[in-house]
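The values are calculated or read from the model by the stated rules, or taken from the named source; none is laboratory data. This structure is a prediction, so every number in the text was calculated from the model and none was measured. A quick note on method: Cβ atoms are made from the backbone with ideal geometry, for glycine too, and the neighbour counts reach across all protein chains shown. To get the accessible areas, we keep the full protein, side chains included, count just its heavy atoms, and leave off ligands, DNA and RNA. Shrake-Rupley method; radii C 1.70, N 1.55, O 1.52, S 1.80 Å.
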Amino acid sequence: MAGRGRGQQERGGRRSSGAGQQERTGRRGGGASSGRSGASAGGRGSAAFGGGRPPRGEAGRTRAAAGSRGRGAGITASSVGGRPRNAAAPDDGYGRGEPSAGTRGRSGSQARRSGADDRGDFGIPGFGGPRVRGAGQAGRGFANGGSAPLPSAAGLQLNAAKRKGEWLELKLPESLAAVPLKGLMQLLPIPGKVAGRLISVNGVQRQGKLLRLKLFPEERPEFEPEWMELNILYEDDFTLVVNKPPGMEVHPSVKDQRGTLAHKVAAYYDMTNQACRVRHVHRLDKDTTGPVLYAKNELAHYVFDAAMREKRIERIYAALAEGVVKDGKGVIDAPIGQDRHHSTRRRVSETGESAVTRYEVIERFADHTLLRLRLETGRTHQIRVHLSHLGHPIAGDGLYGGHRPIMQRQALHGEKLVWPHPWTGERMSVHAQLPDDFAAALRALRDANGHSSRK
């Protein structure tokens, strides 16, 4: 599948409690880069809407390309069939270098084009072009039951598939020309339930050596579009990753609620003529920032749901904790349940659900500690509850004992998101730089202390 911009390949499929995994640029022969945010070719700018409804179709896409890019982005991403957005100047990810272009809100660079003729129906890159070799357990949860993409062994080239409107077209090799349709479906990375539904609605067609799959039927969004500037980190025909700002919920929590990220994503789909439902794969708290993953079709939704259950979607966070955390790294294994005395709070409870958080120290200050955290489970408020339980609540997190002189919200940010690509099974990732208020808090701590201690 064709990608635009430079991607990254994750090395190793195992989760580590150490520093972020090393990554390489996705192009063959590309130089290595660190696991922190780095420079890459940017994609189309974020959808920037002023007042009123923007034009749809080509005019809308032109406005999106010319509009302002999202603030606080400093992104590198794998690009299998898609492209990273809003790349920023090099920085170490925690504000220790020069402020990035993304942090200042400047425009990202235009995406590098490879396979520009292989466009999807709505202007998103199609397939065929540079390939990223994946690692880890990419194929689990697919109909073929394998632990890696089987089609390469069968002669199928998944990356060469092309989107044609509602259909995905895949050329069959000679060795599979006489294989029955049911047998072909078992070779594809399509969950059994999705494959069965496609067959039942005539969504699988065979024309000689061409196999056509109706993976992108038009759908109606269930949220009313609300226009605003969106910071899109990555997008392809199956996937959308949006950098969530603080003060916004991912989806409505009460009836008739408006102003959520779901409404903004619905507006983006509408403006770019994408007839997709809004399907978030995971959530972030209202005042937590960072990447949110969306599935753009049923196949992606099923694959992502399975990947979440099997812990193949990694979410890595940065948090500014109060006090000095002594141990350089550790594991917090403490079950979490609801607080009987406060409807919105959670607490560590022996009768709660299992919850495991791994942490490591990035930088120590006189009275704060910058941490990187990895979730092994996804309980509500998990990091906030666990750090409070450890005696180091997150700065600004009033609900769990944090104070607000340095941050007016909890200092918690989704630093990195890793997921398996729904079609190729390859390992994808995006980095999101710290938002302005978080970066400013770190600068203030360094200025006040005159020095800090890393790890």
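Each residue in segment 367-403 was checked for being touching a Leu at 6+ places or on another chain (Cβ under 8 Å) and modelled with pLDDT under 95, and 0 pass. When Thr424 is tested against (1) open to solvent by less than 40 Å² (accessible area, probe 1.4 Å); (2) under 21 Å from Lys326 (Cβ atoms); (3) at pLDDT below 95, just one condition goes unmet, and that condition is (2).
Can you find a residue that is among the basic types (Lys, Arg), within 20 Å of Val361 (Cβ to Cβ) and in a helix (DSSP H, G or I) anywhere in segment 384-398?
yes
Quickly run through segment 367-409 and pick out the residues that are surrounded by fewer than 22 Cβ atoms within 10 Å (Cβ to Cβ), of a type in the set (S, T, N, Q) and more than 25 Å from Ser354 (Cβ to Cβ). Correct list: Gln408 only. Would you mind finding the one in Asn243, Asn273 that is on the phi > 0 side of the Ramachandran plot, open to solvent by 10 Å² or more (accessible area, probe 1.4 Å) and in contact with a Gly (Cβ under 8 Å, 6 or more places away or on another chain)? Residue meeting the stated conditions: Asn273.
Is at least one residue of segment 316-332 modelled with pLDDT under 95, in a loop (DSSP other than H, G, I, E, B), within 20 Å of His413 (Cβ to Cβ) and of a type outside the set (S, T, N, Q)? Checked segment 316-332: no residue is modelled with pLDDT under 95, in a loop (DSSP other than H, G, I, E, B), within 20 Å of His413 (Cβ to Cβ) and of a type outside the set (S, T, N, Q). If you go through segment 264-315 and keep only what is in contact with a His (Cβ under 9 Å, 6 or more places away or on another chain), closer than 20 Å to His381 by Cα and of a type outside the set (Gly, Ala, Ser), you end up with His280, Val281, Arg283, Asp285, Thr288, Thr289, Pro291, Val292, Leu293, Met308, Ile313, Arg315. Contact map, segment 185-201: first residue more than 21 Å from Lys171 (Cβ to Cβ), second residue open to solvent by 10 Å² or more (accessible area, probe 1.4 Å) and outside any helix (DSSP H, G or I), Cβ cut-off under 7 Å, separation 6 or more or different chains; pairs are Pro191/Gly141; Pro191/Phe142; Pro191/Ala143; Gly192/Ala143.
For Leu261, the conditions (1) in contact with a Lys or Arg (Cβ under 7 Å, 6 or more places away or on another chain); (2) open to solvent by 10 Å² or more (accessible area, probe 1.4 Å) all hold with the exception of (2). Test each condition in (1) at pLDDT below 90; (2) closer than 30 Å to Asn273 by Cβ; (3) surrounded by fewer than 19 Cβ atoms within 10 Å (Cβ to Cβ) for Gly165 and report the one that comes out false. Answer for Gly165: the failing condition is (1). Is it true that Ser253 is closer than 19 Å to Leu299 by Cβ, hydroxyl-bearing (Ser, Thr, Tyr) and open to solvent by 50 Å² or more (accessible area, probe 1.4 Å)? No: the conditions fail for Ser253. Can you find a residue in segment 212-220 that is aromatic (Phe, Trp, Tyr) and within 20 Å of Trp423 (Cα to Cα)? Scanning segment 212-220 turns up at least one residue that is aromatic (Phe, Trp, Tyr) and within 20 Å of Trp423 (Cα to Cα).
For segment 345-366, the candidate set comprises residues that are hydroxyl-bearing (Ser, Thr, Tyr) and more than 26 Å from the chain's Cα centre (by Cα); within that set, the residue that is most open to solvent (accessible area, probe 1.4 Å) is Thr351.
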